[in-house]
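Quick notes on the structure that follows.
The values are calculated or read from the model by the stated rules, or taken from the named source; none is laboratory data. Only a predicted model underlies this, so the values are computations on that prediction, with no experimental measurement involved. Don't worry about glycine lacking a Cβ; one is built from the backbone with ideal geometry, like all the others, and counts go over all protein chains shown.
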Amino acid sequence: MKKTLYQDLWEGAAGMEPAVALRCGDQSLTFAAFFREILRAEAGLRALGVQSGDLVTILSLNTPEAVIAFYAIDRIGAVANWVDMKLSPAEVEFYLTRAKSKVVLVLELIFQKVYANRGHAPAEHFVVLPLAPYLTPELGRKLRVGVWEGEKGPGCVSWKEFLQDTGESVPESARWEEPVAITYTGGTTGPAKGVMLSRRAFRASLEQYTQVGTMYGRGGATLVLLPLFSAFGLCQCVHVPLCLGMTIILYPMFRPEQLGEMLRRYRPEQVSGTTSYWQLLLQDPWADQADLSFLQVPRCGGDAMTAAMERRINDFLAQRGWPPPPGQGYR
């Protein structure tokens, strides 16, 4: 059956409403609250004129609001245009102009840069996503976040002002072959290229994980370190676990050397990272004597890896209680 991503999420998480769906810093959101916030965000987008087929640009780190917005966009039948935050002023104008988005969702950390460099982009509305609630007070003050107050220009609103309370609407029929999200390549071999991800592609990934017996258990947790503006981060690290009734743990200001700290704090069953993440874990004093038996599916990819480094990482994990045998490909 052709469904929206939200419908897959709703059906997959049935019975998990009291459980935590998203955790970020000291904040958490149950599945029940998560679904409510998606509907409020959908109402906010519709009030700003977003319609089926429109592109809504998102510039954000891994925060709950970005995930909520993604499913709200899906319900409308629009397209989430995920753009890397680390853009030059010229690139900001380029992406906003090419996307022709009426609505831009932008993290408060870079709002001023994006708004000031919007140029002749047709964006009419800027929704500022919060970051301060997920940081320590010290880091928040250092980054000067949490100080965005009210309107800073025509069409600018905070996330709280954007949300609207309304009854549940009927989602648009699934645009099965049309893109639900656009992510961009890294630009290492030329200009960055947009990668269009359809609902069919998301469903294919979900079916793979449900049918081949991977260790995705309801009530478990996955640590989301890869950015939401990457296809793997958005689909395999966020959508699939949520549809299987898992908690996703978001950490917007993650640094690779913090992997050991994150594992110690959250004890997730699953985590995905590049080769450099795992190399740094090998050097972490905590990990030297750590029990990693809780880690069911550690995944490594996105970077080149020598056979010697692969053996070293596998041996490191196995010696610390990682139960499954190592494998290649998607687990």
**Message:** Among the residues of the range 282-298, are any in contact (Cβ under 8 Å) with a residue 40 or more places away in the chain and either crowded, with 17+ Cβ neighbours inside 10 Å or among the polar types (S, T, N, Q) (or both)?
**Reply:** yes
**Request:** Quick one: count up the residues across the range 185-201 that are in a strand (DSSP E or B) and surrounded by fewer than 19 Cβ atoms within 10 Å (Cβ to Cβ).
**Result:** 4
**Request:** For residues that are more than 19 Å from the chain's Cα centre (by Cα) and hydrophobic (A, V, I, L, M, F, W, C), scanning just the range 202-231, find the one that is surrounded by the fewest Cβ atoms within 10 Å (Cβ to Cβ).
**Result:** V212
**Prompt:** Restricting attention to the range 114-135, does a residue exist that is polar (S, T, N, Q) and either within 29 Å of A43 (Cβ to Cβ) or modelled with pLDDT of 90 or more (or both)?
**Reply:** no
**Fill in**
Restricted to the range 193-227 and to residues being without any contact (Cβ under 8 Å) to a residue 12 or more places away in the chain and of a type in the set (A, V, I, L, M, F, W, C), the residue farthest from P298 (Cα to Cα) is A204
